[in-house]
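> What follows is a single structure, and I will ask about it in a moment.
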Amino acid sequence: WDYTWLADVGEGKHTLTVEATDKAGNQTTQKLDFIIDTLLSEPTIVLDSTDDSGTKGDNLTNANKPTFILGNIDADARYVTVEVQYGGTKEVLTATKGATGIWSVTPTGTWADGDYTLTVR
């Protein structure tokens, strides 16, 4: 058996109920709860306060291996990557989710002085 939805099923929680009846009139029912989640929140990224050596919030640091805190990450996110661009090169870092549920990323190697552009993916 198959079923084609008559219309698009929207975001959120849904219950699908299947009822079967045989020739003798015996019936059985099975329910399936499911969630449709196609939207992602827009993430944020900030320099960890322990590495923010300039004026708070100015995105300047003297740490050559700074940690960045990612915010507004959906609870059901399986992985988060951060793309780093510097001097014509691109590196992709994988963020980690800490025990408190906070996502962060730290470069694997040290960074040279300069301007870096970070994009959460």
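> Can we say Ser49 is surrounded by 10 or more Cβ atoms within 10 Å (Cβ to Cβ), touching a Ser or Thr at 6+ places or on another chain (Cβ under 7 Å) and small (Gly, Ala, Ser)? Even if it seems obvious, please write down each step before you answer.
Working: surrounded by 10 or more Cβ atoms within 10 Å (Cβ to Cβ): yes; touching a Ser or Thr at 6+ places or on another chain (Cβ under 7 Å): no; small (Gly, Ala, Ser): yes.
Here the answer is no, as Ser49 does not meet what is asked.
> Of all residues in the stretch 61-104, count the ones that are closer than 28 Å to Gly12 by Cβ, modelled with pLDDT of 95 or more and basic (Lys, Arg).
Adding up the residues that qualify gives 1.
> Another question, then. Taking the stretch 1-47, which residues are among the aromatic types (Phe, Trp, Tyr) and part of a loop (DSSP other than H, G, I, E, B)? Outline the logic, then answer.
First, the residues of the stretch 1-47 that are among the aromatic types (Phe, Trp, Tyr): 1, 3, 5, 34.
The answer is Trp1, Tyr3, Trp5.
> Have a look at Asp22, Asp37 and point out the one that is in contact with a Gly (Cβ under 9 Å, 6 or more places away or on another chain) and under 30 Å from Trp1 (Cα atoms). Spell out the reasoning first.
Numbers: Asp22 fails: in contact with a Gly (Cβ under 9 Å, 6 or more places away or on another chain).
The unique qualifying residue is Asp37.
> Would you be able to say whether some residue in the stretch 80-101 is in a loop (DSSP other than H, G, I, E, B), over 14 Å from the mean Cα position of the chain (by Cα) and among the hydroxyl-bearing types (Ser, Thr, Tyr)?
Among the residues of the stretch 80-101, at least one is in a loop (DSSP other than H, G, I, E, B), over 14 Å from the mean Cα position of the chain (by Cα) and among the hydroxyl-bearing types (Ser, Thr, Tyr), which makes the answer yes.
> Restricting the stretch 104-121 to residues that are aliphatic (A, V, I, L, M) and surrounded by 15 or more Cβ atoms within 10 Å (Cβ to Cβ), which is farthest from Lys65 (Cα to Cα)? Spell out how you get there, then give the answer.
Let us first name the residues in the stretch 104-121 that are aliphatic (A, V, I, L, M), namely 105, 112, 118, 120.
Restricting the remaining residues to those that are surrounded by 15 or more Cβ atoms within 10 Å (Cβ to Cβ) gives 105, 118, 120.
Numbers: Val105: 10, Leu118: 14, Val120: 18 Å.
Only one residue fits best here, namely Val120.
> OK, next. In the stretch 52-74, which residue that is among the β-branched types (Val, Ile, Thr) and farther than 16 Å from Pro107 by Cα is surrounded by the most Cβ atoms within 10 Å (Cβ to Cβ)?
Looking only at the stretch 52-74, we keep the residues that are among the β-branched types (Val, Ile, Thr), and these are 55, 61, 67, 69, 73.
Restricting the remaining residues to those that are farther than 16 Å from Pro107 by Cα gives 55, 73.
On the way: Thr55: 8, Ile73: 18.
Per the criteria, the residue is Ile73.
> Another question, then. Can you tell me which residue in the stretch 78-103 is surrounded by the fewest Cβ atoms within 10 Å (Cβ to Cβ), limited to those that are in contact (Cβ under 8 Å) with a residue 24 or more places away in the chain and aliphatic (A, V, I, L, M)?
Ranking the qualifying residues of the stretch 78-103, first place goes to Val92.
The values are calculated or read from the model by the stated rules, or taken from the named source; none is laboratory data. The model shown is predicted, which means the values in this text are computed figures rather than measured ones. A quick note on method: Cβ atoms are made from the backbone with ideal geometry, for glycine too, and the neighbour counts reach across all protein chains shown.
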